Each structure stands twice: as C-alpha cells, then as structure tokens.
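No lab work stands behind these numbers, since they all come straight from the coordinates. Source: prediction; values computed, not measured. Note that each Cβ is placed from the backbone with ideal geometry, even for glycine, and that neighbours are counted across all protein chains shown.
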There are 2 protein chains.
Amino acid sequence: MSDPAADEEHAGDTADEAEVRQANRRFYDAFEARDLDAMSDVWAHGDRVSCTHPGWRTLHGWGAVSASWFALFGGPQPLQFILTNERVAVEGRAAWVTVDENLISAEGSGTVAAMNVFVRTGDGWRLVAHHGSAVAPQGQRDS
Amino acid sequence: MSDPAADEEHAGDTADEAEVRQANRRFYDAFEARDLDAMSDVWAHGDRVSCTHPGWRTLHGWGAVSASWFALFGGPQPLQFILTNERVAVEGRAAWVTVDENLISAEGSGTVAAMNVFVRTGDGWRLVAHHGSAVAPQGQRDS
C-alpha cells in the first residue's frame with residue numbers, strides 16, 4: 001500500500017498527524033497481512049477499546065476485539081485494501097482518522113467507510129476504536 | 001429518552017464524562033425532534049467534521065454534513081431511538097461514545113451501531129464525527 005505520491009500529498013502534516021497516519025497504515029498492514037501480533041501492537045489493550053466490523057454489533061474490550069481479529073484472520077478470505085480519502089484530525093492526545101477501505105477480494109470488491117480513533121500513549125499512538133461500515137452501491141456519494 | 005434509572009447507573013461518571021454524555025443525548029434529542037437548529041448547536045462547524053450515515057459514504061465538512069441532516073429531516077420517516085450500551089471515554093479535550101441506536105419507525109425496527117467523537121470547545125463539548133452502521137440481523141452479537 002506504500003504510495004510515494006500519496007505521501008507527498010501529506011507533506012503539510014504536523015508531526016502528530018504524520019505519526020497518526022503511520023499508525024493508521026500499520027493497522028491496515030496488519031489487517032492485510034493477517035498478522036495477529038502486529039494487530040495486537042497497533043491497539044491499546046483495555047476495557048475501553050471498541051471495534052465495530054461492518055454489519056456487526058460493537059465489540060467492547062480488548063478480549064472481545066482481539067478474538068474478533070483471530071476469527072477474521074482464520075477465515076477463508078484474504079483482503080487487500082486500497083485506501084482513499086484518508087483524513088487525520090488531532091486533538092491533544094487523541095486523534096481520529098476517516099478513510100475509505102476499497103476492498104479487493106476473491107469474492108468481489110466493495111467500499112467500507114471507516115473511522116479509527118487513536119490515543120497517544122507512552123509507546124506512541126494506539127488504536128482505541130475502529131468502526132467500519134459497508135457503503136451501499138446505491139448509497140449517497142461523497143461530493 | 002430520559003431515564004432516571006439509566007442516569008443512576010452513571011453516578012460514577014467524572015464531570016467530563018457526564019458532560020459528554022449530555023452532549024451525546026442532545027444529539028439524539030435533536031435527531032428525534034428533527035430540529036436543525038438544535039442539531040447545528042450540537043456539532044462543531046468546520047472542515048474537519050465528518051458524518052457517516054448507515055450505508056452512506058463519509059461526508060466531510062460542516063456544509064455537507066448539515067445538508068445531510070436537512071435532507072434527512074425533510075424525509076417522510078420520523079425516528080425514535082432507544083439508546084443502549086452507551087459508553088463514554090474521555091482523553092483530554094477529546095472524547096468518543098459508542099452507543100446502540102435501537103430504532104423504532106413506521107417501517108419497522110432495527111439497530112444501528114454508532115460512534116460519536118466530541119471535542120471540548122470554549123462552548124462545551126461539540127460533535128466532530130458521527131458514524132452509524134446497521135447491525136445485520138445475522139450479525140455477531142455483543143457478548
């Protein structure tokens with residue numbers, strides 16, 4: 001997913017924004033690689049983390065969230081993403097990213113609208129909330 | 001939607017958590033009342049706000065977001081919500097809320113999993129991002 005042209009676009013990022021963008025990429029790298037250890041490193045661990053996979057109820061706490069990644073990575077369907085419309089906002093020790101996950105899989109393609117919330121810890125920015133939802137083919141288009 | 005028993009549950013809230021919870025309730029009150037002025041007061045206004053309605057692409061910026069509420073409130077379908085599983089997390093001047101919107105309308109019922117991000121401004125906590133997604137009937141259940 002490395003894209004020098006995309007990196008160039010973000011030359012105006014603050015240091016925090018650049019770090020959050022890197023943390024967000026690490027999340028999708030771990031997702032694509034189906035790498036549980038890398039995914040675990042991306043997230044904060046604790047009761048307040050949450051994860052809403054497309055069509056799922058929200059899962060609360062690192063135990064339930066990590067179990068969902070274990071289940072997803074054990075599934076039959078490797079995913080590739082092309083990320084577009086990635087926007088980063090930082091507010092003190094917290095940040096949120098909106099991004100479109102353009103999925104390519106053996107079963108077809110589709111777009112998931114995602115929001116990821118990060119918190120700055122002693123070990124850098126960690127994911128505390130992920131929410132993804134499928135964009136309906138007839139859904140409202142971003143203008 | 002006022003529920004004294006639910007308020008009792010949150011007696012352990014910090015002052016910030018209580019304020020965020022109030023801001024979150026104001027969002028749903030404005031949504032139910034189809035009150036554009038109240039909805040406008042709930043949100044921060046600016047380029048970085050975003051809104052992802054169920055099945056929609058993410059809308060960016062207050063112009064696009066406010067237009068979507070104008071369109072939704074002009075629609076034929078009043079909505080009522082019963083909010084459950086509301087969880088508030090505060091990190092400095094930012095906060096996020098996960099909540100299940102249990103919808104009751106003339107066309108039936110359903111659950112939308114939502115995440116709302118708030119930022120503390122000089123005028124109190126303001127909504128900067130809303131993301132809602134329909135929970136599939138066969139969707140994974142929260143444990």
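Quick rundown of the values:
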item: Antiparallel DSSP beta bridges within the protein assembly as shown, percent to nearest 5; result: 90
item: Radius of gyration and maximum dimension Dmax of the stretch A:14-77, Cα, Å; result: 12.4, 39
item: For A:H10, B:H60, A:H131, order by how many other beta-carbon atoms lie within 10 Å, fewest first; result: A:H10, B:H60, A:H131
item: Estimated 222 nm signal from helices in chain B, with DSSP H stretches of n ≥ 4 weighted -39500 (n - 2.57), rounded to 500; result: -9500 deg cm²/dmol
item: Square roots of 5 times each gyration tensor eigenvalue, C-alpha, the stretch B:46-143, largest first, Å; result: 23, 19, 12
item: Using θ = phi - 60° and Karplus 6.51 cos²θ - 1.76 cosθ + 1.60, couplings along the stretch B:108-119 (whole Hz; Gly, Pro as x); result: x, 10, x, 10, 10, 7, 10, 10, 10, 10, 10, 10
item: Debye, to nearest 20: dipole size of the protein assembly as shown, +1 on Lys, Arg Cβ, -1 on Asp, Glu Cβ; result: 320
item: Relative frequency of Cα-Cα separations exceeding 23 Å in the protein assembly as shown, percent; result: 53
